[in-house]
Amino acid sequence: MIFQDVFKEYLVIDYLKNINLKQLAKNIKTARKSHNGVSISNLGGWQSEAIVPPNIISVDKELNDSFKQIQNVVNIIADKINLADNVYLKNFWFNINNKFESNAIHHHLHFMSKNIISGVFYVDYPKDSGEIVFCNSNDVRGALYDMSTIKKYNEYNSQNWKVKPETGKFLLFPTYLKHYVEPSRINKDRISIAFNFGYI
Ligand SMILES: [Fe+2]
């Protein structure tokens, strides 16, 4: 018998090391004061405009060091999924959510963007400020599998995949993978940086 996995998805989890995240959080809160922000996936909260390197990144040590570490892991993924060429940071943006604020379901695939690997890292994640939920691209899976037809959820039968953020944690996933952020349940700033890697 051959039991073959087909059409696999990946979700890579890792942690930033030796980054002054408190300083980075402070810098982002300062940036918020002079930028109105945009309304894209955020339901409330503040989302900065997309920033294209080398803007800011070349002068912000924490951002620069963070993306260097993330690039190393992106390279491993690129190798694993057989990308034809190197991928680089295309853009990133800051998010600050507070109580009841969330992000609606979305993906990062935009026409002609050449984004391939997307992700997020948590600069400050206060407990209960909203988990991230990934959604299977096949959205009829949930109609087939529920607690009346399966014993336990796993990667073959889940419609949604929830991940608990932590300060310093970063996640990498295919650009087309849909996700949303649950509403924060507490009155503290949840600060994250979302980004895309792709062909330049
Ligand atoms: Fe996103």
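Quick look at the numbers
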{"read-out": "The chain: most fluctuating residue of Thr149, Thr30, Thr167 per GNM, C-alpha cutoff 10 Å", "value": "Thr149"}
{"read-out": "Flagged links, alpha-carbon separation over 23 Å, of Lys80/Lys178; Lys33/Lys61; Lys61/Lys164", "value": "Lys61/Lys164"}
{"read-out": "Within the chain, longest stretch free of exposed chymotrypsin sites (Phe, Trp or Tyr not before Pro) [DSSP loop, at most 11 other beta carbons within 10 Å]", "value": "8-110"}
{"read-out": "Inter-part distance where the range 81-105 and the range 126-167 are each reduced to a Cα centre, Å", "value": "20 Å"}
{"read-out": "Qualifying trypsin sites (Lys or Arg not before Pro) in the range 1-96, DSSP loop, other Cβ atoms within 10 Å at most 13", "value": "Lys8, Lys17"}
{"read-out": "16 Å Cα-Cα reach of Lys114 towards aspartates and glutamates, excluding residues that sit fewer than 8 places from it in its own chain", "value": "Asp85"}
{"read-out": "Rounded tilt (10° steps) of 21-33 against the dominant C-alpha axis of the chain", "value": "70 degrees"}
{"read-out": "Size of electric dipole in the chain: Cβ of Lys, Arg +1 and of Asp, Glu -1, about Cα centre, debye, nearest 20", "value": "480 debye"}
{"read-out": "Radius 10 Å from Cβ of Lys162, net charge of other residues (Lys, Arg +1; Asp, Glu -1)", "value": "-1"}
{"read-out": "Two-decimal log10 I(q)/I(0) for the range 12-198, as the Debye equation yields it once each C-alpha is a single scatterer, q = 0.08, 0.16, 0.19 Å⁻¹", "value": "-0.26, -1.04, -1.43"}
{"read-out": "Between helix 61-80 and the chain: long-axis angle, C-alpha atoms, 0 to 90°, nearest 10", "value": "20 degrees"}
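Computed from the coordinates by the stated procedures, all read-outs in this text should not be read as laboratory data. Note that the structure is a prediction, hence the values are computed from the model and not measured. In this analysis, Cβ positions are derived from the backbone assuming ideal geometry, glycine residues included, and neighbour counts consider all displayed protein chains.
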